[in-house]
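> Sharing a structure below in structure tokens format, with a few things to ask.
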Amino acid sequence: MSTDTDVSLSSYDEDQGSKLIRKAKEALFVPVGIAGFAALVTYGLHTLKSRGNTQMSLHLIHMCVAAQGFVVGATTVGKGCSVCWEFWAKPKP
């Protein structure tokens with residue numbers, strides 16, 4: 001058993017606001033994904049009244065898939081950009 005009592009628990013003491021700011025600094029596309037998700041949810045709620053003959057459940061499923069797709073796309077592009085930056089930022093021997 002380990003008797004190391006010097007374990008840092010600073011990540012557990014973080015509140016949600018500081019965690020969001022830290023994540024936004026680490027991965028620049030996190031706020032883009034959050035903003036896109038919020039925009040698509042707002043758009044979905046706005047078009048809910050004028051959905052025509054479409055059933056409510058089908059409309060909600062489409063909006064959910066669109067919002068999740070935007071977040072996954074933003075995360076993928078952000079991860080791809082960070083990999084490219086790390087690749088080109090490495091000094092050549």
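Where a number appears in this text, it was derived from the coordinates with a stated rule and is not lab data. This one's a predicted model, so the numbers in the text were calculated from it and none came from an experiment.
> Note the full-extension length gain between A66 and D15 as 0.36 nm times their separation in residues minus their Cα-Cα distance, in nm to one decimal. Before the final figure, lay out each step's value.
On the way: separation 51, 0.36 × 51 = 18.36 nm, distance 2.93 nm.
Gain in length upon complete extension: 15.4 nm.
> How would you classify the stretch 10-93 from its alpha-carbon gyration tensor, with a ≥ b ≥ c the square roots of the eigenvalues: rounded for a/c under 1.5, else prolate if a/b is greater than b/c, otherwise oblate? Intermediate results must be reported in sequence, preceding the final value.
On the way: a/c = 4.06, a/b = 1.93, b/c = 2.11.
Here the stretch 10-93 falls in the oblate category.
> Give me the percent of Cα-Cα pairs in the stretch 41-80 that sit more than 12 Å apart, rounded to a whole number. Spell out each step's value before the answer.
Details: 473 of 780 pairs.
Here the long-distance tail beyond 12 Å is 61 percent of all Cα pairs in the stretch 41-80.
> Under the 0.36 nm per residue contour assumption, what length would be gained going from the current alpha-carbon distance of S82 and T42 to full extension? Write down the numbers at each step before the final one.
Numbers: separation 40, 0.36 × 40 = 14.40 nm, distance 2.93 nm.
This chain segment gains 11.5 nm when fully extended.
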